[in-house]
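Please read the structure below before turning to the comments.
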Amino acid sequence: MMQITPKENQSQWVSSGIPIIAAVLALLLAAIPLAFAGAPILEAYGHMIKGVFGSLFNFTEMLTRATPLIFTGLAAAIAFRAKLWNIGGEGQFYLGAMAAVWVGTGMIDGPPALMIPLVLFVGAFAGGLGMLGPAILKTRFGADEVVTSLLLNFIILIFVQMMLEGPLKDPMGLGWPQSEPIVDNAVLPQLITRMRLHAGFVLAIGTAIIAYIILAMTVWGFKIRAVGENAAAAKHAGIGVNRTYLAVAMASGALAGMAGVSEVAGLKGYLTADLSAGFGYTGIVVAMLAGLSPLGVILASLYVASVFVGADSMSRAIGVSSFIADLIVSMSLICVLLGGFFARFNLTFAKKQVDTK
Amino acid sequence: MMDILNIFLSDSFWAASLRIATPLIFGVLGALLCERAGVLNLGIEGIFVVGAMTGWMAVWLGANLWGGIIIAAMAGGLFGLFHAILTVIFGLSQHVSGLGITLFASSAASFTYRTALPQVSSPPRIEPFRALDIPILSDLPFIGPVLFQQTAMTWLALFLVAVVWWVMEKTALGVAIKAVGDNPEAVNAQGLSVVKLRMGSVIAGSALMALGGAFLTMSAFDAFFFGMVNGRGWICIALVIFASWQPGKALMGALLFGMFDALQVRLQTEAGAFIPGQVFLMAPYVLSIIALVIVARKADYPRALLTPWFKGQR
Amino acid sequence: MLSPSTTKVEKPLILSLRGMTKHFGPVIAADAIDLDLQRGEVLALLGENGAGKTTLMNMLFGQYTPDAGSVHVFNEDGQETVLPSGQPQAAIDARIGMVHQHFTLAENLSVLDNILLGTEALLSARRNRKSARQKLSKLMHDSGLTAPLDTRVRDLTVGERQRVEILKALYRDARILVLDEPTAVLTPQEADMMFASIRAMVDDGLSVIFISHKLHEVLAFSDRIAVLRHGCKTGEMNTKDADTSSIIRMMVGADHEAPTRVHGIPKQPILNLANVNTKPSKGGQGLQDVNLTVHAGEIVGVAGVSGNGQSAFAGLISGLVQPTTGHVSVNDQVIQKLTPKVMLNAGVGRIPEDRHHDGIVSNMSVAENLVIERLDKPDVQQNGFLRKASIADNARNLTQNYDVRGPGINARSALLSGGNIQKLILARVLETNPDLILANQPTRGLDFKAASDVSLRLFEARDRGAGVILISEDLDEVLSLADRILVMHDGQLTETDSRDRTVIGLAMAGGEQQ
């Protein structure tokens, strides 16, 4: 007989340690698929570590990779805190990038002090609208936002392709479906010369701190937490539950939209339909690994980015499929889920009593 | 207008509708079984990928087609077991666990595929299910091409609709599954095992979902591509709500969807000159959202959906 | 009322619980309890809320696995069997049936499906429903307990659901029947009818354990009484030898006196409902043409069987339900659009029926829950930022003044006991000196001490000049607290001048039954 009982004292120390244990465990479990692929395991880990910490360039590449993940991770974290299931980060990412390209490729030009905030704002706004739709469908019609925001990803991606073959297409692009480059004044500046790391990273960190302050210290954060933990009680207490959902949707979508802006204006310079390497979806994992804490999102993003960058370099060195990175990241998520369970509950196995006739 | 009428009169349109509906029928039935027992399975998208990959690979490695089907179902069931352990035994968030399963299943399938076939420029092909050729029936006008020139998997899907309907409506098992999705305590108090019923439903449902994926590589196409599932799993999650968790309506929903999709392809060729093709590509997803919005308010969700149950907890 | 059977021959033992023990975390819910049941007797298990009655029965029935102790059953020949613990199926096989306080029915299934659930082979294609129907119609005939077999449970009244629960047990040939607070949701007349049916079956050899905290029922219906307190058995006696005050002492541990009511002095009207109709709410009736005035300084009690419109009524006063026609005014101000915020600002304090579901956010701290209704007030926030120090001060004051005990103001409020959660809600509501207080089932599930505290607070608020609306299923509570009594039936609210249980009971049933 298995018995599950809640723990009386949940140690803060244990619950914050869980993601770390889960992350390490997932990395260790990666040995199984590596062995399955016939790779030399220790060597493979060596390549992974070198891929991240081997040089300044590698390390900044990792930070570059973490930048959009911080944004999409925050997008998921803040929405999930309100139990608004925004699974549409991927679509909102593209909406943000598309809006940035729309205003940033010559429609308006001005000094960077004007252009950079402008593309950021427009991108964030577009991303916000991308989640506002599902949130309205949820509050007005009771339509499950999981499904609507998910399906919207597909719609938006097709829309992006359509735009890239139409109005946004670069006439100089040799027929490739890509947009014109963002004007120089709207490009996020590099942080270190000859490295790809850009100001988006600093912006992401700052945003995470602001998100933390909002959730922990403001009335609005209080409302978000209350709605997420118990919407019925929040409503009874006079908190505008639907209004909170809509505001959170706007904020969450905006964060995912900023990820898109950051990628297009900080890294790539122009929009293509493969701008995102699944950042919207990975952001969900990041948020879960972070226990939905905004500051935790920073750490979780660095971890996930390390896995991707490290696995890429390993993949190049010893020829193992780079899908190993997705595998490690998804296993981390499952480990952290299970870890959260064992932090909250005791599992005891009682011996079955024998039926004495 | 005449063109549209012609589309509806053509047998190829109706045959295509049924063909497009087939993977969705498997998927909706699977989602129905899971949700009727009270477990949302967002692992569906990943399980489709797993079904597509394993079914295909089994055949590519030498199994016969039905062997491939069985392997795909077992692989799907395995990931269902995983989801069931996380959500039924440990009572973890069904949303998050499901998304985790989708990520895990699709990356595991992709990794396995890449590892088995490291350097191929064009994906290797298998000999897929062929259209049935039934003497007399297949040659009937209209009905022949629409119904009797489908592949065996389409017939399997239709057969499974009947099986699931029979189980849900006519057996004590179905009653118990519906009860466990409504009030697990009722089932427990009558001496049945909530955990076994829920786990069984999730595993069986996931196996069905995997068949939906297997149809893609073993019947609709003859090879495995990354990204070939393309949201079909999510569409099933919308369709099952549209179908009020009833097998008959699930079939109707999938067919309706197949019809619109088939229509969309045909309109695209008709109207492609004026409207960008992408507008039509969006249609299935837009339709799913519309369907969901229409039924959302009156949707009669299984009451215990998303609610974990622990024995003897208060 | 029925008289207990008077023949007292020593009957053969049918069930014996020995040393039953169960912990929930640090709480010991049952501490080495022994209990014997004889064939053909009604044993009443009496105790306050939280005394361990339900826990004990859930162990008997295999819903909970005991930490220690064993369940012994005896067949006709006196042969003894020990039941394996934690398995409802074993209890069912030993022909023990349990009627839970919270119905264990699947609402999406028919009555017949619910009764047959678990009795048929899961995959057999041929289900013999014909013989099942025959057996059931005989059972219904013999017991006098009837239910529409092909109706979905969601369409049944509470009374019907209760009968389905009993039929479920009888269908499985129960020879031991456990009834957990069976009358909580019934009118007095319905309760009497149920007792009559069960007494008839007991005379045919059924053995019954009957859980209650209502003394008058227990005295009228049982043969023997066992009393539990804090998880221990504190007494056992034959009903005919029982003496009320000693039983109460065994239950409460001290002499108990319920707060006595002094009649309030009604002043100006606070709340007025004029021809209010609403849609149905939470599976209950909607309000039908309700007119009501509540004055300052009075407690208006609303009695009735739940599902008759209480949800809609409470929702209306809480600002969660809109009237479809008619209007609501507070302090002579007509409220145009009812929302919780508007009602709060109009001076209405609300104590919700389901304190865990609607009353607190259990994963937020005690301090946060104490200010959740006043987030816009200057002592709670400044420029949108929470004033943590002031919120903490507020929490320290309120937890002290209202005696809210728990692990501290920053602990999750989930860690509080039911009584302390209710005190937290009372503190939050009463601290703002509301003009009108809606108290919906305010003492449900609380022990005597906690319930008395709540009652005293309501009296205090009334005497300070608040109007109080008390909604309760417990007629005794309404009788002991209310200055004026209204009965809710079928969405309608009618005032009664009587304080007689039978008269009010008739009104609760719609006045149609004899």
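Please treat every number below as a calculation from the coordinates, not as lab data. Source: prediction; values computed, not measured. Cβ coordinates were reconstructed from backbone atoms using ideal geometry, including for glycine residues, and neighbour counts include every protein chain displayed.
Of note:
- Annotation: the antiparallel percentage among DSSP beta bridges lying fully within the protein assembly as shown is about 60.
- Anchor C:Lys11: lysines whose Cα lies under 28 Å away (excluding residues fewer than 8 positions away in-chain): A:Lys357, C:Lys53, C:Lys138, C:Lys168, C:Lys214, C:Lys233, C:Lys240
- The stretch A:258-307 versus the stretch C:347-365: alpha-carbon centroid distance in Å: 38 Å
- Cα centroid of the stretch C:108-148 to Cα centroid of the stretch B:9-32, whole Å: 39 Å
- Summing Lys and Arg as +1 and Asp and Glu as -1 over all other residues whose Cβ lies under 10 Å from the Cβ of B:Val194 gives a net charge of +2.
- Rounded to the nearest 10 degrees, the inclination of helix A:89-104 to the longest alpha-carbon principal axis of chain A is 20 degrees.
- Averaging Cα coordinates gives a centre for the stretch C:273-339 and one for the stretch C:473-490; these two points are 16 Å apart.
- Beta-bridge orientation, the stretch C:269-508: approximately 60 percent antiparallel, per DSSP, counting only bridges with both partners inside.
- Cα-based reach from B:Lys178 at 17 Å (exclusive), listing lysines while leaving out same-chain residues under 8 positions away: B:Lys170, B:Lys196, B:Lys249
- All other residues whose Cβ lies under 14 angstrom from that of C:Leu287 are scored, Lys and Arg at +1 and Asp and Glu at -1, for a net of 0.
- Prolate/oblate/rounded label for the stretch B:1-131 (Cα gyration tensor, a/c 1.5): oblate
- Neighbourhood charge, 13 Å Cβ-Cβ cut-off, centred on C:Ile372 and excluding it, Lys, Arg +1 and Asp, Glu -1: +2
- B:Glu35, B:Glu185, C:Glu76, B:Glu169 arranged by Cβ crowding within 10 Å, fewest neighbours leading: C:Glu76, B:Glu169, B:Glu185, B:Glu35
- Derived scalar couplings between HN and Hα for the stretch B:161-168 equal 4, 5, 5, 5, 4, 4, 4, 5 Hz in order, rounded to whole Hz, by the Karplus curve 6.51 cos²θ - 1.76 cosθ + 1.60 (θ = phi - 60°), x for Gly and Pro.
- Taking a straight line from the alpha carbon of C:Lys130, these aspartates and glutamates sit under 19 Å away, with near neighbours fewer than eight places off in the same chain left out: B:Glu169, C:Asp113, C:Glu120, C:Asp142, C:Asp150, C:Asp173.
- Filter on A:Lys223/C:Lys337; A:Lys50/A:Lys83; B:Lys298/C:Lys135 - keep pairs with C-alpha separation over 30 Å: A:Lys50/A:Lys83; B:Lys298/C:Lys135
- Mean residue ellipticity, 222 nm, helices only, chain C: the sum of -39500 (n - 2.57) across DSSP H runs of n ≥ 4, divided by residue count and rounded to 500, is -9000 deg cm²/dmol.
- Amide H contacts under 5 Å for C:Ile437, placed H, 5+ residues apart: C:Gly349, C:Gly467, C:Val468, C:Ile469
- Ranked B:Lys311, C:Lys233, C:Lys267, criterion: other C-beta atoms within 10 Å, fewest first: C:Lys267, B:Lys311, C:Lys233
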